[in-house]
Amino acid sequence: MVHSYLTPNYRRNDLCFSHGEGVWLHAEDGTRYLDALSGIAVNALGHAHPALTQAIREQAGQLLHTSNIFRIGPQESLAQTLCEHSFAEQVYFCNSGAEGNEAAYKVARLWSNQVHAGRKPRLVAAEGGFHGRTIGALTVTANPAYREPFAPLPEVTFVPYGDAQALADAMDDQVAALWLEPLQGEGGVRVPPKGYLARARALCDQHQSLLVFDEVQVGCGRLGTLFGYEGDGVVPDIMVLAKGLGGGVPIGAMLARRSLGELLQPGTHASTFGGNHLACAAGCAVLKELLRPGFLTQVQERGAQLAAGLERLFAGRCRQVRGRGLLWGVALDEAPGPLVAAALQQGLVCGAAGDNVLRLAPPLIISEREVEELLQRLGAALGSLTAGA
Ligand SMILES: Cc1ncc(COP(=O)(O)O)c(C=O)c1O
């Protein structure tokens, strides 16, 4: 087994896929699977998308990497597109979601130290939030199972997600930044109550604290808007992207207003690979597709279709169906593992989130017929579990 050469930090399924096309994944044994997970919300355009594939091919044939010692054309183009379509004015590129959060953490520290003479040492973040596995990203991630093996970590105040009063109680003038996902992904596809994000914004304004939105999972069209924050109309000071941005090519980004971006002066932060030609060419190709007229409307429509189907399928069998766009969670009474395994038996790849949530995040290009197929396969999986019970 090849596995013995790999560290054992992943609980891997034995399946090995050889290729994909659209929403379909093909296993080495020839079985075809409908991908309703997108490599954990990464393959926004599905597999082997012609435009993305061509952009990567073309870029690979020209130039992969020169380092940030030099100007990088595709990096400048991608930064411009991101800024023209968001609140942001500057972008720092890296290679993953954790690194994007790491950069945001450093900006928050620089902001406290340089702009506020170190008077804002505190950070506030939400229970159930997930921001990545580097020490900085773990610091703002609440889950004790992830944190405790690496203690001691810098102190952060964690508040229950969605509880505006708890947030108000936790905030004060010493808070440099409040870290939130506008909709929690890993924590169980948790949608905040109406008005919560607006209250978070108001509290940050009141205490002169930065509002950081981690949109690693929910950005880049996943929620049916280009960025998750658009759904509630609450604008952050810093936004972190990764996952879907490269459609499968590793890339992360921290976006900010100019006054914050400019804190990253030469010598403060860097990444050898960050924003190289290949990754940014992929990012440009992904954004071009997401910005095509009607693309995001399609995501909303397919999302509504999926949600309605899930409501039907799980009526009386789950606690809640929740989500937005093409990120949906079904809160079950039990751990989702057996259902995920049963779905795989039916040729459907889906995932788990939190303790008891089935997570569905199909490629954003999924068609109406493929959503029906997804629901049919999930129904068969549910049926097989009931029959076996
Ligand atoms: C909201 C959020 N932030 C950060 C991360 C970490 O991203 P990465 O694994 O690319 O470091 C994830 C990964 O699931 C995520 O969902």
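Please label the shape of the stretch 51-290 as rounded, prolate or oblate, based on the square roots a ≥ b ≥ c of the eigenvalues of the alpha-carbon gyration tensor (a/c under 1.5 means rounded; beyond that, a/b larger than b/c means prolate, else oblate). Here the stretch 51-290 falls in the prolate category.
Residue-wise HN-Hα couplings along the stretch 281-293, as the Karplus relation 6.51 cos²θ - 1.76 cosθ + 1.60 with θ = phi - 60° gives them from phi, are 4, 5, x, 4, 5, 4, 4, 4, 5, 4, 8, 4, x Hz; Gly and Pro carry x. Indicate, rounded to the nearest 5 percent, the antiparallel portion of the DSSP beta bridges found entirely in the chain. The antiparallel proportion sits near 65 percent. Note on Lys106: lysines with a C-alpha under 17 Å away, same-chain residues under 8 apart excluded, are Lys120.
Applying both filters, DSSP loop and at most 15 other Cβ atoms within 10 Å, to the GluC sites (Glu not before Pro) of the stretch 1-81 gives Glu28. Please give every one of the lysines within straight-line cross-link reach of Lys288, meaning a C-alpha to C-alpha distance under 22 Å, and leave out same-chain neighbours fewer than 8 residues apart. Cross-link targets: Lys243. The peptide list 112-125, 248-261, put in order of mean Cβ contacts within 10 Å with the highest first, becomes 248-261, 112-125.
Across the stretch 77-88, coupling constants 3J(HN,Hα) worked out from phi with the 6.51/-1.76/1.60 Karplus curve, θ = phi - 60°, read 5, 5, 4, 4, 4, 4, 6, 5, 10, 8, 6, 7 Hz, and Gly and Pro carry x. Distant-in-sequence amide contacts of Gly252, defined by a placed amide H-H separation under 5 Å and a gap of 5 or more residues or a different chain, comprise Cys94, Asn95, Ser96, Gly275. Packing-based ranking of 354-361, 8-15 yields 354-361, 8-15, ordered from highest to lowest mean Cβ neighbour count within 10 Å.
Size descriptors for the stretch 205-338: radius of gyration and Dmax over Cα atoms are 18.1, 58 Å.
Give me, ordered by chain and number, the residues 5 or more places off Val159 or on other chains with an amide H under 5 Å from its own placed amide H. Here Ala125, Ala126, Glu127 satisfy the definition.
The gain in end-to-end length when the Arg258 to Thr297 segment is fully stretched comes to 11.0 nm, 0.36 nm per residue minus the alpha carbon separation. Within straight-line reach of Lys194, meaning a Cα separation under 24 Å, there are no lysines at least 8 residues removed in sequence or on another chain.
When the trypsin sites (Lys or Arg not before Pro) in the stretch 136-214 are filtered for DSSP coil states and for at most 10 other beta-carbon atoms within 10 Å of their beta-carbon, the remaining sites are Lys194.
Can you give me the pair-distance distribution of the stretch 1-130, C-alpha pairs, 10 Å bins, whole percents? Distribution as computed: 9, 22, 32, 25, 11, 2, 0 percent.
Extension gain for the segment Arg71 to His26, taken as residue separation times 0.36 nm less the Cα-Cα distance, is 12.3 nm to one decimal.
Values in this text are rule-based calculations from the coordinates and carry no lab data. Everything numeric in this text was worked out from a predicted model, so none of it was measured. Every residue, glycine among them, receives a Cβ derived from its backbone with ideal geometry; neighbour counts consider all protein chains shown.
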